[in-house]
1. What are the residue pairs meeting all of these: first residue in the stretch 24-46, first residue at pLDDT 70 or above, second residue surrounded by 10 or more Cβ atoms within 10 Å (Cβ to Cβ) and aromatic (Phe, Trp, Tyr), Cβ atoms under 9 Å, and 6 or more apart or on different chains?
2. Search the stretch 64-116 for residues being of a type outside the set (Asp, Glu) and at positive phi, and hand back the single one that is modelled with the lowest pLDDT.
3. Is the stretch 3-15 home to any residue that is of a type in the set (Phe, Trp, Tyr), over 25 Å from Gly77 (Cβ atoms) and modelled with pLDDT of 75 or more?
Amino acid sequence: MAERRYVAALIDQEDDFDRSCVEVVQKAGLAADAPVRGCKVIRPYGYGLWGLMVARIDARIKATGVENAYIPGLVPGLSDVTAVSATAGSSFALTADGTLFAWGANGEGKLGTGEP
């Protein structure tokens, strides 16, 4: 029979909310260290849980009066970028060889379909 591992105790959220979140992520294996310092890679099986965690943490932050801010993200494998552009829901990068990359919310279902 496979060995079962259990978490004996977690840091109480009331004692240290930030550390308790980090501990849950580490012990549940929801993310891995990325090759870029300060970044994490979200593991696919943890995505739904991440959504719940983000919603709860966001509510706590907004309760203090802080507003959301957008920050740039890394795109693995994208290199030789000569120009970038972004909207509220989409981002674009043009590479030196003329290839245009697009990603984002895709609310209208047109990203990557070749439609204007």
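1. Matching pairs, first to second residue: Val25/Trp50; Gly29/Tyr45; Leu30/Tyr45; Leu30/Tyr47; Leu30/Trp50; Ala31/Trp50; Ile42/Trp50.
2. Kept after step one, since they are of a type outside the set (Asp, Glu), are these residues of the stretch 64-116: 64-66, 68-79, 81-96, 98-107, 109-114, 116.
Of the ones still in play, those that are also at positive phi are 65, 77, 98, 104, 106, 109, 112, 114.
On the way: Gly65: 90, Gly77: 76, Gly98: 90, Gly104: 73, Asn106: 64, Gly109: 64, Gly112: 60, Gly114: 57.
Across the stretch 64-116, the extreme among qualifying residues is Gly114.
3. Checked against the condition, which is being of a type in the set (Phe, Trp, Tyr), over 25 Å from Gly77 (Cβ atoms) and modelled with pLDDT of 75 or more, the stretch 3-15 yields no hits at all.
For (1) exposed (fewer than 10 other Cβ atoms within 10 Å of the Cβ); (2) within 12 Å of the chain's Cα centre (by Cα); (3) assigned to a strand (DSSP E or B), each residue gets a yes or a no:
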residue: Glu23; (1), (2), (3): no, no, no
residue: Lys27; (1), (2), (3): no, no, no
residue: Val41; (1), (2), (3): no, yes, yes
residue: Val66; (1), (2), (3): no, no, no
residue: Ala69; (1), (2), (3): yes, no, no
residue: Gly77; (1), (2), (3): yes, no, no
residue: Ser85; (1), (2), (3): no, no, yes
residue: Asp97; (1), (2), (3): yes, no, no
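The values are calculated or read from the model by the stated rules, or taken from the named source; none is laboratory data. All values derive from a computational prediction rather than experimental measurement. Quick reminder, even Gly has a Cβ in these numbers, built from the backbone with ideal geometry, and neighbours come from all protein chains shown.
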